[in-house]
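Peer 1: Have a look at this one.
Laboratory data are not the source of any read-out in this text; all were calculated from the coordinates shown. These numbers were taken from a predicted model, which means no experiment stands behind them. Here the Cβ positions follow ideal geometry from the backbone for every residue, glycine too, while neighbour counts run over all protein chains shown.
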Amino acid sequence: MHFRSLALAAISLPVFATATAHAETPDAAPADSIIVTAQLREQDPIDVPMALSVVGNEQMDRMGLYEFDALSRFVPGFEVQNQSPNNPGFVMRGITSDSGTASNEPRVSVYQDGVSISKSRGSYVELFDIERVEIAKGPQSTLYGRGALIGAVNIIQNKAQLDNVEAAGRVSYGNYNSWLTEGMVNAPIGEGMAIRLAGRIRKRDGYTENLLGGADFNSADTKAVRGSFHGEKGDLSFDLIGNYQKDTPSGTGFKSIAYNPISWNLTQTSLGLAS
């Protein structure tokens, strides 16, 4: 069983922005363009001097990318190995970061809105109600700290929107009795304040037979919920985001690299002796 929770808070003070910083922010960007914050400021991806891959929300919905391992198939030089929610492996440019021990630093760090998930033991988060995912390849210690020696993955979540009441949902079903349901609701709660609630439930039966009986291995049983608050007062804006996720899969099946599995077929034979 695996539990994880995370709270994020951000404050922006545009009144202190200098003219130089303002000039670097894209003006009147097209509606379908993607703005990234990989360098901690808003930029067009083509202006970022690093190997950066960006996957937006519309692209993820169009291709049905609901999990990290599915997302990584469309990002060159990046692979996510979903061994289990408690031990995922993030591979970037051939180097794997999958150790969750207290003495090891991650080499590929995962962030939610710039807040680090410091260990791999909770970094395989559900990708729902998000704005985009930014994958920065190569050493990023200057921007993201020493845990990003090989690269960094930053998940930008949708924030609560003022003066906008909206709701959305999705239901899907697949093989191995796999089903997914998620929903979102956004509403203002007063002048300059809004809240947003989103959640997902994902389940799937195991596809690796358990020869000892019980539930089959490599199943999925995940529940995740997110609440966000946005407030504005004059030139001050404030975002507070809380994430909670619970994973209770049946277990992970592994194949030994030293011993080949052997299936014994035992039969009973009766021998008759004649005198």
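Peer 1: Taking neighbour counts of Cβ atoms within 10 Å as a proxy for exposure, in what order, fewest first, do 129, 98 appear?
Peer 2: Placing the least packed residue first, the sequence is 98, 129.
Peer 1: On to the next question. Gap in Å between the Cα centre of region 39-112 and the Cα centre of region 157-173?
Peer 2: Rounded to whole Å, the Cα centres lie 24 Å apart.
Peer 1: Also, I was wondering about something else. Longer than 23 Å from Cα to Cα, which of 159/223; 137/246; 223/255; 137/159 are they? Say none if no pair is.
Peer 2: Flagged as over cut-off: 137/246; 223/255; 137/159.
Peer 1: For 36, 75, what ranking results if the residue with the fewest other Cβ atoms within 10 Å of its Cβ goes first?
Peer 2: If I rank by nearby Cβ atoms, fewest first, I get 75, 36.
Peer 1: Can you give the net charge of the other residues whose Cβ lies under 11 Å from the Cβ of residue 253, counting K and R as +1 and D and E as -1?
Peer 2: Spelling it out: positives minus negatives among the neighbours equals -1.
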